[in-house]
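Asker: After the structure tokens below, expect a handful of questions from me.
The values are calculated or read from the model by the stated rules, or taken from the named source; none is laboratory data. These numbers come from a predicted model, not from an experiment. Here Cβ is always computed from backbone atoms with ideal geometry, including for glycine, and neighbour counts include all displayed protein chains.
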Amino acid sequence: MNKFDLIIVGGGAAGMMASISFKRKYKNRSVALIDRTFALGRKILVCGAGRCNITNINLSEDTTKYYYGAPKFFIQSIFDQFGFEDIKNFFIDLGIPLYVERKTDIGKMFPITDQAKSVTALLEDEIQRLGVEIFLNTEVIRIKKESNLFILDTKNIGQNNKNCEIKFGSEFLILSAGGKTYPALGSNGSGYNLAMSLGHRLIKPVPSAVPLESKNTLSQQLQGLKFEMTVTSIIEDKKVKTRTDDVMFTQYGFSGPAILNISREISIHINRKGGKDVKVMLNFLPNYTFNEALKLLETRWNKRPEQTLEKSLYGLFPNKFSEVFLKCIDFKPYISVNKLSENDKITLAKYLTEFIVSITGTRGWNEAEFTAGGIDTSELKPFTLESKIVDKLYFCGEILDVDGDVGGFNLSWAWASGFVAGLLN
Ligand SMILES: Cc1cc2nc3c(=O)[nH]c(=O)nc-3n(C[C@H](O)[C@H](O)[C@H](O)COP(=O)(O)OP(=O)(O)OC[C@H]3O[C@@H](n4cnc5c(N)ncnc54)[C@H](O)[C@@H]3O)c2cc1C
């Protein structure tokens with residue numbers, strides 16, 4: 001049996017950070033970082049479309065505002081120990097200066113190289129410098145605790161790796177096996193089973209930051225078209241969340257950052273609670289109310305009364321949208337705007353600012369960025385992330401019932417909770 005002081009199951013962002021924080025604190029103690037895939041931090045590489053949105057400058061203010069799942073005090077107790085400044089300085093110290101992206105106004109921070117590869121490479125370099133032992137292509141399939149020792153059965157899932165089916169043993173254990181999104185990158189939900197086999201409760205995980213399915217003419221006919229809109233989720237006739245950002249029409253419905261950002265509550269309603277009656281309201285003129293939109297259109301129509309209705313919308317939206325949209329709401333694209341009745345004008349402004357579509361479902365784990373749900377944090381000690389059920393068992397990262405908004409908050413949770421878990425307080 002391979003024996004270590006600490007074993008960390010899962011070498012993603014949280015597990016890598018936990019191994020660094022452990023080794024910096026306990027130089028002479030041994031740690032193994034085990035991962036079922038062929039490399040550490042594979043999900044980091046796809047973060048921010050390969051640019052790695054490491055953290056968010058707004059984390060320094062009202063930290064818990066951006067997080068869901070666990071109670072606010074629980075999340076705050078972790079960021080109190082490793083907050084925004086600590087995350088930023090940790091990466092600067094590794095040799096990764098960060099910058100705030102100005103394109104959007106939401107405080108996303110990236111490495112100045114815009115390369116997630118610099119992040120994984122320098123994290124791994126630090127892990128090796130500290131002497132963490134890495135076991136790749138090694139899936140932990142069973143864990144039990146026998147007289148103060150965690151015993152782990154593993155299965156080799158690589159091709160040429162001889163290091164197969166060995167047992168590991170350790171005094172301390174950290175579970176950082178991630179959630180269920182992008183299973184091809186490693187986190188396939190097996191961590192939940194390991195945690196449950198040790199007595200922990202699972203809050204049903206559902207895909208979050210996930211595209212939405214909707215059968216509607218616009219999506220079918222405008223596949224691939226993307227522009228900025230304001231979207232509002234409406235669940236059982238209650239408006240839940242509003243966001244303004246790009247929306248993409250797709251063959252199955254809608255995607256794009258605005259949609260991902262309002263998907264969490266919809267996914268929980270449909271996928272966890274089995275609920276129905278979900279709609280999304282699209283305002284194609286973001287930040288314009290119905291009255292403002294009507295005024296804007298009337299100004300254009302008064303200026304060019306002979307113009308076709310379709311052309312009168314050019315310049316406000318991608319050209320292709322105008323014709324498809326007008327046909328979809330039963331307006332003739334080629335009539336002159338001076339033929340519009342007062343009622344037509346009101347109807348048009350209404351549809352442009354309050355277009356409602358029914359949502360039939362969400363896309364699945366292969367297309368979701370985060371997991372909402374996970375191991376119930378009420379069974380953990382808030383300050384240390386140690387289990388209240390099994391001594392010397394710790395958790396960190398996405399495996400827990402904590403998820404954040406799009407914008408660097410999920411990695412921030414992985415860094416902060418990984419750092420705290422690795423201290424083994
Ligand atoms: C497409 C995409 C883009 C994203 N972009 C961003 C972004 O820009 N900013 C941001 O903040 N967040 C982003 N996220 C979310 C972020 O990547 C995750 O929240 C974060 O990486 C979670 O880290 P983790 O270490 O907890 O889990 P993971 O990164 O999933 O790591 C878990 C590891 O555990 C291993 N593992 C699982 N089970 C076992 C087992 N039984 N035995 C051994 N090993 C096991 C897996 O192989 C994996 O390597 C994105 C996610 C996706 C999918």
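Asker: When you look at residue 417, is it buried (at least 24 other Cβ atoms within 10 Å of the Cβ), out of contact with any Ser or Thr (no Cβ under 8 Å at 6 or more places or on another chain) and assigned by TED's automatic domain parsing to the domain that holds residue 62, yes or no?
Answerer: Criteria met by residue 417.
Asker: Here is a further query. Only one of 397, 373 is among the small types (Gly, Ala, Ser) and within 12 Å of the ligand (Cβ to nearest atom); which?
Answerer: Going through 397, 373 in turn, just one is among the small types (Gly, Ala, Ser) and within 12 Å of the ligand (Cβ to nearest atom): 397.
Asker: Can you go through 342, 354, 306, 298 and tell me which one is in contact with a strand residue (DSSP E or B) (Cβ under 6 Å, 6 or more places away or on another chain) and loosely packed, with under 15 Cβ neighbours inside 10 Å?
Answerer: After ruling out the rest, the residue left standing is 306.
Asker: Sticking with this structure for a sec: The conditions are (1) of a type in the set (Gly, Ala, Ser); (2) surrounded by fewer than 24 Cβ atoms within 10 Å (Cβ to Cβ); (3) within 14 Å of the chain's Cα centre (by Cα); (4) over 30 Å from residue 315 (Cβ atoms), and residue 256 fails exactly one of them. Which is it?
Answerer: (4)
Asker: From 44, 54, 34, which residue is near the ligand (Cβ under 10 Å from one of its atoms), β-branched (Val, Ile, Thr), farther than 27 Å from residue 100 by Cβ and touching a residue at least 60 places away in the same chain (Cβ under 8 Å)?
Answerer: Exactly one of 44, 54, 34 is near the ligand (Cβ under 10 Å from one of its atoms), β-branched (Val, Ile, Thr), farther than 27 Å from residue 100 by Cβ and touching a residue at least 60 places away in the same chain (Cβ under 8 Å), namely 34.
Asker: Could you give every pair whose Cβ atoms fall below 9 Å, whose first residue belongs to the range 321-342 and is without any contact (Cβ under 8 Å) to a residue 12 or more places away in the chain, and whose second residue is assigned to a helix (DSSP H, G or I) and crowded, with 18+ Cβ neighbours inside 10 Å, counting only separations of at least 6 or pairs across chains?
Answerer: 339/309
Asker: Now for a separate question. Filter the range 266-287 down to residues that are within 20 Å of residue 249 (Cβ to Cβ) and part of a loop (DSSP other than H, G, I, E, B) and give me whichever is modelled with the lowest pLDDT.
Answerer: Per the criteria, the residue is 286.
Asker: Next question. For the range 327-357, give me the residue count where each residue is assigned to a strand (DSSP E or B) and either under 21 Å from residue 221 (Cβ atoms) or of a type in the set (Lys, Arg) (or both).
Answerer: Residues that pass the stated criteria total 3.
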